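Chemist: One structure follows; several queries about it will come next.
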Amino acid sequence: MSNYDYVEMRFPASAEYVGLVRLTLSGILNRIGASYDDIEDSKIAVSEAVTNAVKHAYQDKVKGDVLVGYVIFEDKVEVIVSDSGQSFDYEKAKAELGPYEEDENVDFIREGGLGLFLIESLMDEVNIKKDAGVTISMTKYIAGEQVQPDGERLNRL
């Protein structure tokens, strides 16, 4: 099993929580050394996914939760947004996610937004699962120059 940290947030499907998701992601990416551009791109992509879940997941009178999981590796962060609101086992959820097919994601093409196309352009990997709800996984690899223990530069991604 891979070595990672996992942080999970569950909140009511309400737009007022999008900022909290962005702040949390910014803090996590900053902690592992992501560049300003990678942080900003990731915040836009994750905001798009959370906003989509808030707007489209639940019918007007039905209240529901959105779940955001942050999976923190040494060289990348994966963010999983699920509008089923149920906690999930990361390893199991990861196994069930697959590449999205453009013709099956019309929910993400909404008025005034580019939805999934924007997410795909800003993130390094995007996977999706549609069942009782929509679960989308977005990965941002941490690019940058690191110094090896011997002082030599090591260029990653």
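Here, each number is a calculation from the coordinates, and none is a lab measurement. None of the values given here were measured: they were computed from a predicted structure. Cβ atoms come from the backbone with ideal geometry, glycine included; neighbour counts cover every protein chain shown.
Chemist: In region 1-29, whose amide N lies under 18 Å from the spot 7 Å out along Cα-to-Cβ of Ala95? List them in ranges.
Modeler: 1-4
Chemist: What distance in nm separates the simple spin-label points at Asp5 and Arg31, each placed 7 Å from Cα in the Cβ direction?
Modeler: For the pair Asp5/Arg31, the computed spacing is 0.3 nm.
Chemist: If we sort 68-80, 124-136, 12-24, 42-54 on the protection proxy, mean other Cβ atoms within 10 Å, highest first, what's the order? Show your work: numbers first, answer last.
Modeler: Values: 68-80: 19.8, 124-136: 17.5, 12-24: 14.8, 42-54: 23.2.
Order by mean packing, descending: 42-54, 68-80, 124-136, 12-24.
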